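The values are calculated or read from the model by the stated rules, or taken from the named source; none is laboratory data. Since the structure is predicted, the reported quantities are computational estimates derived from the model, not experimental observations. Cβ coordinates were reconstructed from backbone atoms using ideal geometry, including for glycine residues, and neighbour counts include every protein chain displayed.
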Amino acid sequence: MTSSPFRFFGGRNLLLAAALLMLGGDFLFALNDAMGKWLVASFSVGQVVLVRSLGAFIVLGPMIARQSLRELLRPERPLLQLLRVVFVTADTMMFYAAVVYLPLADVMTFYMAGPIYVAALSHLLLGEKVGWRRWVAILVGFVGVVIALRPSSASLSLASLFALVGSLSFALGIILNRRLRATSDGTLVTWQTIGALLGGAVLSLSSWHSPAPLDWFAMLLLGVVSCCAHLMITRALKLAPASALAPLHYSLLLWAVIFGYIFFADLPDRQILLGSAVIVLAGLFIFHRQKVVDKVVAPETVIRDMP
């Protein structure tokens, strides 16, 4: 059995390693989001996602070459694998569709509700215990989503609905990551990249514009950055419970505000800030209760599967 530095880590060190991987992956995702917003201003969502997916194979190629073909073509729980691909692809498509019209921080506010959904769904789908205090926090988090959504006939926009659907898909993707933790990182990310590639190809059939060399490079780099982020977060979710790590995604909101201001001169308005504050406070309380109630113990299978 191959030696791994994680083999000697206790539960606390595994949680720390998972947290660092999650934070690093979130920074790369924020960078990916800013690059994506810049690109979808000139190219269709389908075209950006298609070329982005091709770029991801620059990272995935060596992983696929080392992997068993049988494991890649016959992964565990095929139906759950397919559902995960659908949700992750929808997450990507909906995000880029939303940032065409909305500032990064606005879209990210809806995605910040992902951990709230994860905490609720972890009880139903993963069997993770969620007490009454966290259920109250979940309801408060939903109130924050409603505040940010502006649910009136005058203000509710299609772009906001894209972001809301994308955030729900994002949360379901996290849940399925935990259900499929016995599947290798390479297999998970390869299939979700293939899903995005196919979805982007279909959507770009009627909206293809020939990119300049710099645009090709930027879209391929987008794939490299996003693939590295996916791999880091996928590994983090194998080291610690989803409901414990999910609140760390709130770091994305900070980076979204910073990148949105630096690159696009966008700042969130008062209602978005209020909704964000409610969502973040609810999520932080859920995270606190998770630490109080649960002990993070690394599954033996996770340690064995590490390279």
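Considering only the range 256-265, I want to know if a residue exists there that is within 23 Å of Leu16 (Cβ to Cβ) and outside any loop (DSSP other than H, G, I, E, B). No, the range 256-265 contains no residue that is within 23 Å of Leu16 (Cβ to Cβ) and outside any loop (DSSP other than H, G, I, E, B). Tell me the residue from Ala137, Ala65 that is farther than 22 Å from Ala171 by Cα, over 20 Å from the mean Cα position of the chain (by Cα) and not β-branched (Val, Ile, Thr), please. Within the list Ala137, Ala65, the selection yields Ala65. Residues in the range 255-307 that are modelled with pLDDT of 90 or more, buried (at least 16 other Cβ atoms within 10 Å of the Cβ) and more than 17 Å from Leu104 (Cβ to Cβ): Val278 only.
Listed by first and then second residue, the pairs linking a residue in the range 245-271 that is hydroxyl-bearing (Ser, Thr, Tyr) to a residue that is surrounded by fewer than 22 Cβ atoms within 10 Å (Cβ to Cβ), with Cβ atoms under 7 Å apart and 6 or more places separating them unless they lie on different chains, are Tyr250/Val280; Ser251/Leu23; Tyr261/Leu267. Within the option set Ser184, Ser226, being polar (S, T, N, Q) and at pLDDT below 85 holds for one residue only, Ser184. The residues on offer are Trp132, Trp191, and the sole one that is at pLDDT 85 or above and out of contact with any Ser or Thr (no Cβ under 7 Å at 6 or more places or on another chain) is Trp191. Looking at Leu50, Leu60, Leu72, Leu14, just one residue is at pLDDT below 90, under 22 Å from Val202 (Cβ atoms) and not charged (D, E, K, R), and that residue is Leu60.
Against the test of being in a helix (DSSP H, G or I), in contact (Cβ under 8 Å) with a residue 24 or more places away in the chain and surrounded by fewer than 20 Cβ atoms within 10 Å (Cβ to Cβ), the options Leu79, Leu125 yield a single qualifying residue, Leu125. Quick one: would you say Ala56 is more than 30 Å from Asp266 (Cα to Cα) and either of a type in the set (S, T, N, Q) or outside any loop (DSSP other than H, G, I, E, B) (or both)? When the stated conditions are applied, Ala56 does not pass them.
Which of the residues spanning the range 161-216 are assigned to a helix (DSSP H, G or I) and either charged (D, E, K, R) or out of contact with any helix residue (DSSP H, G or I) (no Cβ under 9 Å at 6 or more places or on another chain) (or both)? Arg178, Arg179, Asp185, Pro213, Leu214, Asp215 - these are the residues of the range 161-216 that are assigned to a helix (DSSP H, G or I) and either charged (D, E, K, R) or out of contact with any helix residue (DSSP H, G or I) (no Cβ under 9 Å at 6 or more places or on another chain) (or both).
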